[in-house]
Structure formats: C-alpha cells, structure tokens
1. Report ³J(HN,Hα) in whole Hz for each residue of the range 251-262, in order, from the Karplus equation J = 6.51 cos²θ - 1.76 cosθ + 1.60 where θ = phi - 60°; Gly and Pro get x.
2. Identify which of the listed values of percent of Cα pairs over 33 Å apart was calculated from the structure shown: (1) 42; (2) 31; (3) 53.
3. If amide H atoms are built 1.01 Å from N in the plane of the peptide, which residues on other chains or at least 5 residues away come under 5 Å of the amide H of L143?
4. With the convex hull built on the Cα atoms of the range 62-156, state its orientation-averaged projected area in nm².
5. Among rounded, prolate and oblate, which fits the range 179-254 when a ≥ b ≥ c are the square roots of the eigenvalues of its C-alpha gyration tensor, a/c under 1.5 means rounded, and a/b larger than b/c means prolate?
6. Per 0.36 nm of contour for each residue apart, how much would the distance between T288 and R344 grow if the chain were fully extended, relative to their Cα-Cα spacing?
7. For T245, enumerate residues with amide H under 5 Å from its amide H, sequence gap 5+ or separate chain, H modeled in the peptide plane.
8. With angles folded into 0 to 90 degrees, how steeply does helix 372-389 sit against the dominant principal axis of the chain? Use alpha carbons for both and round to 10.
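The values are calculated or read from the model by the stated rules, or taken from the named source; none is laboratory data. What you are looking at is a predicted structure, and each value in this text was computed from that prediction instead of being measured. Because the Cβ atoms are built from the backbone with ideal geometry, glycine has one as well, and the counts that use them run over all protein chains shown. Side chains are part of the model used for accessible areas, which takes the heavy atoms of the whole protein and leaves out ligands, DNA and RNA. Shrake-Rupley method; radii C 1.70, N 1.55, O 1.52, S 1.80 Å.
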Amino acid sequence: MTESTTVDTGTGYGRKRPSHDARLTEVGPGTPMGEAMRRYWHPVATSETLTSDQPHRIRVLGEDLIVFRDGQGRAGVVYERCAHRGSSLFYGRIEDDGIRCCYHGWKFDVQGHCLEQACEPGGGRRREVARQPWYPVEERYGLVFVYMGPPDRKPAMPRYDALEPLEEGERYWAGWPVPGAEVTGMEQDFNWLQIWENAIDNVHVTWLHYAHSGAQLTGTGTPEGLPESFYDPSLVAEATSYHRTEFGAKYHQRFEGTGPDGQPTELEWRLEQQLPNIIALPDFTQVTLDARHNLLIWIVPSDDTHHRVFFSIRAADPGRMQRLVFGIKQNGKMFWEMTEDDLRKYPSDIEAQGSQGPITLHSEETLATSDRGVVMVRRMLRTMVDDVEAGKDPLGVSRDDGPPRHIDSGVFTVPADSDAILQEGTAPGALSAPKPAAPAPGA
C-alpha cells in the first residue's frame with residue numbers, strides 16, 4: 001500500500017535573508033540618506049532649557065556632538081572629542097566666550113576657534129592651528145537648529161505659517177515636560193523612518209488607537225474630540241485620499257461630525273508632512289474647526305537605530321502642549337504607569353513601531369491599498385536621495401529666505417457643493433485610494 005503525503009506550502013523554510021532598505025534608513029556620514037539629511041536644518045535642543053550651566057551630549061545623524069550655550073548666550077554645536085587629545089567636552093567647563101576642556105584646559109568658542117591653550121606658553125602661540133570641528137547653529141521657534149551639510153550648500157532655514165507670526169499673548173512651547181527630555185528631546189530606540197511614515201498611515205489610527213486597544217485618543221466620542229465614527233475601519237479606505245504637496249505629502253480623511261452651528265455636517269481631517277522629517281499633527285483632543293494650525297514635530301535621526309522627537313507649538317498657554325504630550329492613554333493610563341502585561345493587551349505607537357525592530361525588515365513587508373500614503377512618502381524620500389547624489393538640491397531646500405511655508409493641517413468643514421473626495425482629479429498630484437470593489441451578487 002502506497003502512502004501519499006501532502007506537502008506543506010508557505011512555510012518559513014528556505015527564506016531569503018531579510019533586509020532593510022538602507023537608502024531610506026541609514027543616516028551616517030557618506031550614506032545616501034545621511035548625505036540627503038545633511039542638506040536640511042534639524043533641531044537638536046530646546047532654547048529655553050539650554051543654559052550656560054552645562055554642556056549636553058547629542059547624537060545626530062551618527063555623529064557624537066556637544067550642544068552648549070556660552071556665557072554670552074550664544075548656542076554652539078561642536079564635536080564631542082576635544083581636538084587636542086580626544087577627551088569629551090561633555091566634561092568641559094562653560095565660560096563667557098566658549099567651552100574649556102577638562103583635560104588640559106583648551107578653550108573653544110561656538111565656531112570651534114581655539115581661544116586658549118591653558119598649559120602652553122603664552123596661552124598657545126599657535127592656538128589658531130587647532131580648530132574644533134563645529135556646525136552652524138540658528139535659533140527659531142523655541143528650538144536650536146543645526147546644519148551639518150556641505151558649507152557651500154547651506155540653505156536658508158525654512159519658516160512656517162503655522163508658527164508665525166505669533167498672535168497676541170502667544171509664545172513658543174518647545175520643551176518636553178518629561179525628565180531627561182527637557183533639553184535634547186525625547187529619544188526612542190528604533191529607526192526614524194518607522195515613526196515618520198507612521199504619520200501618513202491613517203489606518204493605524206483606526207485600528208491601533210481604537211479597534212484593537214480601545215479608544216486611546218483623549219476626547220474620542222465627546223463634543224471636544226473626534227467622533228467614534230471617525231475610527232470606523234469599514235469606512236476609512238473610502239474616506240481617505242493622499243496628495244503630494246509643494247514640500248511633501250498629506251492625507252485627507254472625511255467623516256460625519258458636527259458643524260459650527262451644531263448641525264450634522266461633513267468634516268475633513270488633514271495631516272501634512274514636509275520633507276525630510278516634519279509632521280504637522282492636528283489637535284485630536286480639542287478640535288477647533290477651520291482653525292490655523294499651530295504645531296510642528298521633527299523626527300531627528302540620532303543614528304540608524306535611534307531618533308529624537310522635537311516639537312514647537314504656537315500658543316498662549318501650555319494646554320496645547322499638554323494635550324500633545326498626554327493626549328494618548330492606554331486603557332486609561334499614561335505610558336509610565338503601564339505594566340508589561342498592560343502593554344501587551346493595550347499597545348500603542350511605541351509598542352507597534354518599536355516591535356518592528358531597530359530597523360524594520362522591508363523585504364518582509366506585504367504592502368496593501370491602505371499603505372498608499374507610506375508608498376508615496378517613501379518615493380519622495382528616494383527622489384530626495386537621488387537628487388543629492390545627482391548634485392541637485394533636494395525638495396524644500398533653498399538658499400533664499402522666502403515667505404513662510406503653508407501648512408495644511410487641521411479639521412475643516414466641507415462645503416456642501418464639494419465633489420466626492422475620491423473622484424479622479426481630487427487635487428494636482430493627488431494619489432487617492434481606490435474604492436473597494438462592489439461585492440459579487442449573493443456575497
């Protein structure tokens with residue numbers, strides 16, 4: 001008697017070695033994305049909390065640096081290793097005109113000029129030969145920004161209409177009210193791209209923040225926040241369109257809500273991203289219809305497997321900042337109150353994104369219709385890298401100090417005569433999600 005055996009299919013045996021997309025994720029000196037990122041300005045510290053009391057270690061694009069403010073109030077970013085014998089300037093002493101190394105007393109200003117060599121004759125008769133590597137710094141919107149690219153390609157630092165001009169009584173709120181993150185931002189231990197592309201992945205809001213873990217966004221289902229219908233997974237695909245913009249990409253998601261007159265109306269949630277790493281996240285806890293946007297978030301790569309998060313908010317009081325920082329709860333708890341079992345049952349962004357690994361394995365992905373926004377921003381990042389390799393300036397880089405760039409984020413009322421959101425030609429450059437196919441007869 002002959003026995004036949006059914007051969008299993010789809011097992012994990014014999015898979016090719018998984019890999020990540022290095023051109024999008026690796027940011028060290030000389031890497032494609034690292035060189036592209038170095039054509040932009042990046043925040044590295046909060047202005048208000050960067051004082052002349054002490055220097056701070058930062059790791060940016062794979063480089064170990066020190067950010068400090070001298071006694072005259074000037075911010076500086078220099079290499080961590082002293083140009084003399086390599087001791088860390090983290091242990092240096094800040095003085096009126098610079099930072100002095102603890103090992104032999106060499107002092108450097110915010111542009112790396114050696115001002116004094118304490119133990120050398122005459123304070124160092126050839127001290128001008130020693131130059132501490134440094135990077136240009138500018139302060140704006142309550143943050144300290146650094147430019148780490150080719151000096152002859154240094155762009156003007158962009159301005160944004162979401163953050164200027166300040167209205168009466170407003171100021172910038174840019175510091176995390178979290179111990180250890182007040183000066184140099186909130187650090188997370190996975191690749192920068194995993195959080196940045198998450199912003200245009202609106203389906204994760206529907207599922208992760210509602211259907212899977214329960215309502216996590218404060219205000220859900222209340223008059224102040226977003227209605228529960230906003231999170232309906234059966235409607236999200238048909239309600240969403242994706243669009244290229246002048247400086248990046250955005251998505252629109254329509255839903256039924258309440259208009260200014262208290263009557264049911266059609267609303268539109270818009271979230272924009274600008275290259276290379278900016279997110280304009282609307283206020284999801286206290287929705288104000290048709291309002292000017294007031295928040296930008298920067299995802300700054302520390303290295304290939306870590307990043308830091310910075311933000312600037314234009315507001316008259318800390319309420320908007322508090323809603324950003326404390327606006328997501330997991331089963332009613334803040335993240336620091338969660339046990340390991342709580343996190344397993346009620347995961348949120350950090351659990352989902354961090355569990356993709358230090359760098360997610362792109363070769364193992366199976367992309368679907370709902371990933372069209374992610375595909376769009378990845379293509380834009382690849383073009384950014386290609387342009388730099390071709391000797392061009394990437395998107396959004398200009399040496400002219402132009403007018404503030406428009407940010408199209410928020411919750412807006414939809415005019416009654418507006419076309420259906422997913423019709424062909426929604427907007428120039430739009431990439432709209434296709435409507436699901438009609439069910440077959442009898443299905």
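1. Result, ordered by residue: 10, 10, 10, 8, 7, 8, x, 10, x, x, 8, x Hz.
2. (1)
3. Under 5 Å from the amide H of L143 lie the amide H atoms of S47, each far enough along the sequence or on another chain.
4. Numbers: hull surface 27.2 nm².
Mean shadow area of the hull around the Cα atoms is 6.8 nm².
5. Numbers: a/c = 2.00, a/b = 1.28, b/c = 1.56.
Oblate is the answer for the range 179-254, as a/c is 1.5 or above yet b/c matches or exceeds a/b.
6. Working: separation 56, 0.36 × 56 = 20.16 nm, distance 3.36 nm.
Result: 16.8 nm gained on full extension.
7. Sorted by chain and number, the residues that satisfy this are K250.
8. 30
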